[in-house]
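J.: Before anything else, here's the structure in question.
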Amino acid sequence: MIKFTIVTVTYNAEGVLRPTTDSVLMQSYAHVEHLIIDGASTDHTLQIAEEYRQKSADAARGHEIRIISEPDKGIYDAMQKGLDRAAGDYVCFLNAGDRLPNADTLLMIADKVDNERMPGVLYGDTDIVDDEGNYLFRRRLTPPEHLTWRSFRQGMVVCHQAFYARTDIAQRVDYDLQFRYSADVDWCIRVMKECENDGLELKNLHLTVVNYLQEGQTTLHHRASLRERFRVMVRHYGWLSTLVMHGWFAIRQLYK
């Protein structure tokens with residue numbers, strides 16, 4: 001059976017962490033490592049994390065919960081710490097506030113993996129929810145049937161939290177800390193390039209694999225995120241292709 005590593009990055013996240021940990025706690029699938037990488041929170045985040053670890057031990061599902069709390073250089077530095085420590089077959093990043101949709105989400109994902117030829121990336125759909133976990137709408141950008149690293153020219157068509165990377169591939173690719181809001185886009189593209197080089201499948205799960213909290217860092221810092229994302233696109237697709245696609249995005253917005 002494959003093992004999942006879930007990385008949750010926190011900093012003063014007492015208001016949003018519990019729904020995330022509850023969604024992992026309820027998973028019926030046993031082979032789960034959950035790394036909570038905390039940036040030295042000063043609120044009750046660590047208390048909530050410790051309570052969760054005890055609940056998980058009491059539930060005896062076989063989940064491994066590890067909590068690391070120390071200062072960091074921002075969200076992607078913390079994600080890198082989680083990636084470096086990941087021991088599962090696949091790693092995914094579930095932010096504080098985001099949730100696994102159902103108790104059998106990880107079981108359904110595992111059932112779609114061929115252990116003889118494990119895909120380089122497993123990816124699925126994303127639903128947007130409010131603070132209470134109520135469904136709002138399906139994420140506007142939807143995963144293509146056949147994902148490649150070139151697919152992100154159309155935008156981040158797979159949400160970072162719906163992107164399960166094979167750990168041995170993912171650990172070849174560090175987060176680029178020059179990006180404050182879009183290092184996840186750059187990282188996903190580079191992981192997919194590694195998969196292409198190795199001839200590994202990127203598998204569409206045809207499942208909703210995450211409920212994403214509407215207000216994220218890129219939403220709160222939208223303009224800076226867009227500027228960074230443009231730089232990421234130029235890095236991977238070149239100036240001309242990026243300018244053409246952004247022109248198309250602008251026209252599309254006008255006629256929505």
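The values are calculated or read from the model by the stated rules, or taken from the named source; none is laboratory data. Here the structure is a predicted model, which means the values were calculated and not measured. Neighbour counts are summed over all protein chains in view; Cβ atoms, including those assigned to glycine, are modelled from backbone coordinates with ideal geometry. Side chains included, ligands, DNA and RNA excluded: accessible areas come from the protein's heavy atoms. Shrake-Rupley method; radii C 1.70, N 1.55, O 1.52, S 1.80 Å.
J.: Quick one: how many residues across the range 34-49 are surrounded by fewer than 20 Cβ atoms within 10 Å (Cβ to Cβ) and either in contact with a strand residue (DSSP E or B) (Cβ under 9 Å, 6 or more places away or on another chain) or within 22 Å of Pro101 (Cα to Cα) (or both)?
T.: Final tally of qualifying residues: 3.
J.: Do any residues in the range 1-25 that are of a type in the set (Asp, Glu) have Cβ atoms under 7 Å from those of residues that are open to solvent by 30 Å² or more (accessible area, probe 1.4 Å), where the two are at least six apart or on different chains, and which pairs are they?
T.: Glu14/Asp43; Glu14/His44
J.: Then there is this: When Gly74 is evaluated against the numbered criteria (1) in contact (Cβ under 8 Å) with a residue 40 or more places away in the chain; (2) on the phi < 0 side of the Ramachandran plot, which criterion, by number, is the only one it fails?
T.: So Gly74 meets the others, but not (2).
J.: Taking the residues in the range 50-100 that are closer than 26 Å to Met1 by Cα and polar (S, T, N, Q) as candidates, determine which candidate is most open to solvent (accessible area, probe 1.4 Å).
T.: Per the stated criteria, the residue is Gln54.
J.: Tell me, please, whether a residue that is farther than 21 Å from Met233 by Cα, hydroxyl-bearing (Ser, Thr, Tyr) and in contact with a helix residue (DSSP H, G or I) (Cβ under 6 Å, 6 or more places away or on another chain) can be found in the range 119-136.
T.: Checked against the condition, which is being farther than 21 Å from Met233 by Cα, hydroxyl-bearing (Ser, Thr, Tyr) and in contact with a helix residue (DSSP H, G or I) (Cβ under 6 Å, 6 or more places away or on another chain), the range 119-136 yields at least one hit.
J.: In the range 31-52, which residues are touching a Ser or Thr at 6+ places or on another chain (Cβ under 9 Å) and over 19 Å from Cys92 (Cβ atoms)? Explain how you work it out, then say what you get.
T.: Applying the first criterion (touching a Ser or Thr at 6+ places or on another chain (Cβ under 9 Å)) to the range 31-52 yields 32-41, 45-46, 48-49, 51-52.
Once the filter is applied, which keeps residues that are touching a Ser or Thr at 6+ places or on another chain (Cβ under 9 Å) and over 19 Å from Cys92 (Cβ atoms), the range 31-52 yields Gly39, Ala40, Ser41, Thr45, Leu46, Ile48, Glu51.
J.: May I pose another question? For the range 185-227, name all the residues that are more than 26 Å from Asp104 (Cα to Cα), at pLDDT 90 or above, in a helix (DSSP H, G or I) and not basic (Lys, Arg).
T.: Val185, Asp186, Trp187, Ile189, Val191, Met192, Glu194, Cys195, Glu196, Asn197, Asp198
J.: Here is a follow-up. How do the helices (runs of 4 or more DSSP H) wholly within the range 1-92 filter down when requiring 1 or more residues that are within 20 Å of Arg172 (Cα to Cα) and of a type in the set (A, V, I, L, M, F, W, C): which remain? Steps first, answer last, please.
T.: On the way: elements: 17-25, 45-59, 75-85.
Correct list: 75-85.
J.: Could you list all residues from the range 140-157 that are open to solvent by 40 Å² or more (accessible area, probe 1.4 Å), under 18 Å from Tyr212 (Cβ atoms) and at pLDDT 95 or above?
T.: None; the set is empty.
J.: For Phe137, only one of the following conditions fails: (1) farther than 17 Å from Thr20 by Cβ; (2) assigned to a helix (DSSP H, G or I). What is its number?
T.: Every condition holds for Phe137 apart from (2).
J.: Give the range 110-139 a look and list any residue that's open to solvent by 60 Å² or more (accessible area, probe 1.4 Å), touching a residue at least 60 places away in the same chain (Cβ under 8 Å) and closer than 26 Å to Arg61 by Cα, or say none.
T.: Lys112, Asn115
J.: Out of curiosity, is Ile189 over 26 Å from Ser241 (Cα atoms) and open to solvent by less than 70 Å² (accessible area, probe 1.4 Å)?
T.: no
J.: Then there is this: Against the definition (part of a loop (DSSP other than H, G, I, E, B) and open to solvent by 20 Å² or more (accessible area, probe 1.4 Å)), how does Asp168 come out, yes or no?
T.: No: the conditions fail for Asp168.
J.: Going by the structure shown, is Leu107 surrounded by fewer than 19 Cβ atoms within 10 Å (Cβ to Cβ) and within 26 Å of Val191 (Cα to Cα)?
T.: So Leu107 fits the description; yes.
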